[in-house]
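Structure record follows, encoded as structure tokens.
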């Protein structure tokens, strides 16, 4: 049995969890039970978890995310304890006047903050030495303004790359609701409705209580007509805890409509069953700090 360290915005704890034998749903169940006595009693699900790998933060929403996570954090012979960051997407982060867990990723200090004063002193000393000697001489460290220019340029290029490579979204109709933005995603198997959207438009009862409609795992909420372009088809729809999109169109929908995507033009979406070309927008998801959220 493995151990997972978990950091929330206000607390930290560890849980037993086998990366080899247990599933993502088992992880959701254990975290829900562990956090049930806290001020956030809601069911843990998609949209709650992130982990850090290779200097970036990655979401842990579905089984494909989980398989990638177990492969990344459990290399052969590694003794490191995997770490997860858990946050209820329906709750705001603690304010500056409230307690903030310094181990939570959003509250960690920048890695270069502790080294910056030394960098500034070294740069100033190098410039003074250069003036005294009258010779052009490299100090071995770049001046801080050069470092900042490089970091700013790198961040611009990073954001530009992700802005041009967002996720594909289309606008259609599900049930009686028109003008719904939907995510096209092969990494998801079915068609999913977010809990908030389902409650707002009456797909599930307004008095939904813990233990029902997705709190015990993935639950089908019936067959619903989905219109994309001029064509309507009927699909099994499942409830999801996904907080970023109201509707996710997974492989079952894409195979039924014969959705054809273009690797060179990400805005090109064609339904081969009718030959219709569908308007597609690329959307980039950012967190409260304005940083890009990677959706796998």
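Assorted remarks:
- Residue match in the stretch 152-172 (condition: modelled with pLDDT of 55 or more, part of a loop (DSSP other than H, G, I, E, B) and closer than 30 Å to residue 258 by Cα): yes
- Residues that are at pLDDT below 80 and in contact with a strand residue (DSSP E or B) (Cβ under 7 Å, 6 or more places away or on another chain) within the stretch 241-265 comprise 242, 243, listed in sequence order.
- Failed criterion for residue 25 (all others in (1) buried (at least 17 other Cβ atoms within 10 Å of the Cβ); (2) within 23 Å of residue 195 (Cβ to Cβ) hold): (1)
- Check on residue 96, in a loop (DSSP other than H, G, I, E, B), loosely packed, with under 10 Cβ neighbours inside 10 Å, at pLDDT below 85 and out of contact with any strand residue (DSSP E or B) (no Cβ under 8 Å at 6 or more places or on another chain): yes
- Of the residues contained in the stretch 5-24, none is found to be free of Cβ contacts under 8 Å to residues at least 24 places away in the same chain, under 20 Å from the mean Cα position of the chain (by Cα) and under 21 Å from residue 107 (Cα atoms).
- Complete set of residues in the stretch 259-271 that are in contact (Cβ under 8 Å) with a residue 12 or more places away in the chain and more than 18 Å from residue 225 (Cβ to Cβ): 260, 261, 266, 267, 268, 269
- Residue count for the stretch 178-198 satisfying the condition of being out of contact with any strand residue (DSSP E or B) (no Cβ under 8 Å at 6 or more places or on another chain) and within 19 Å of residue 280 (Cα to Cα): 3.
- Taking the listed residues 56, 64, 37, 18, the one that is within 22 Å of residue 240 (Cβ to Cβ) and modelled with pLDDT under 90 is 64, with no other qualifying.
- Among the residues making up the stretch 197-216, those that are modelled with pLDDT under 85, surrounded by fewer than 15 Cβ atoms within 10 Å (Cβ to Cβ) and on the phi < 0 side of the Ramachandran plot are 205, 206, 207, 209, 210, 212, 216.
The values are calculated or read from the model by the stated rules, or taken from the named source; none is laboratory data. Small disclaimer: the values here were computed from a predicted structure and weren't measured. With ideal geometry, Cβ positions are generated from the backbone for all residues, glycine too; neighbour counts draw on all protein chains shown.
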